[in-house]
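Chemist: One structure coming up, written as structure tokens, with questions to follow.
What follows draws every value from the coordinates through simple rules; no lab data is involved. Every value quoted in this text rests on a predicted model; they were computed, and no experiment measured them.
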């Protein structure tokens, strides 16, 4: 079993779409990330009638990682609905989550995002956001440390 299969299997357990209440729907998108130290963390999407309270599976996985271990660097990423990423745009983090991962740690620009489970095709965050606006702020922070 390779790392992608391990991550897929861990995330798949979280996939069971359900109504939490008449206002909240959850577990319809799932995610697994491999942290820098090799640990795998998962998350699921939770949506409400008030969009500001929604939380993507991608960010929940990262927050689980940070809350559990203090880590901010991600090596690998997989997200999906009812089936594994199968090419095209499937499995891609949304724009807000792309931004969140970049802001969480500049090194996340090199995290591998699984595009196609069968072929193991990946893309990096840097390829998705080649001219990210925050590079200057990271450079300034490094100068001040």
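Chemist: How far, in nm, would the chain grow between residue 50 and residue 5 when pulled straight, counting 0.36 nm per residue and subtracting the alpha carbon separation?
Modeler: Length gained between residue 50 and residue 5: 12.7 nm.
Chemist: When only Cα pairs under 8 Å and 6 or more residues apart are kept, what is the percent relative contact order across the chain?
Modeler: 17
Chemist: Report, in degrees rounded to the nearest 10, the 0 to 90 angle that the Cα long axis of helix 57-69 makes with the longest principal axis of the chain.
Modeler: Once rounded, one gets 60 degrees.
Chemist: Mind checking the angle between helix 3-12 and the chain's longest principal axis? C-alpha axes, 0 to 90 degrees, to the nearest 10.
Modeler: 50
Chemist: Here is a follow-up. Could you point to the label whose value was computed as mean projected area of the Cα convex hull in nm² for the structure here, given (i) 13.6; (ii) 9.5; (iii) 8.7?
Modeler: The value computed from this structure is option (ii).
Chemist: To the nearest 10 degrees, how steeply does helix 95-104 sit against the main Cα axis of the chain, on a 0 to 90 scale?
Modeler: Compared with the principal axis, the helix lies near 50 degrees.
Chemist: Here's something else I'd like to know. For segment 89-142 and segment 28-50, what is the separation of their Cα centres, given in Å?
Modeler: Measuring centre to centre over Cα atoms gives 15 Å.
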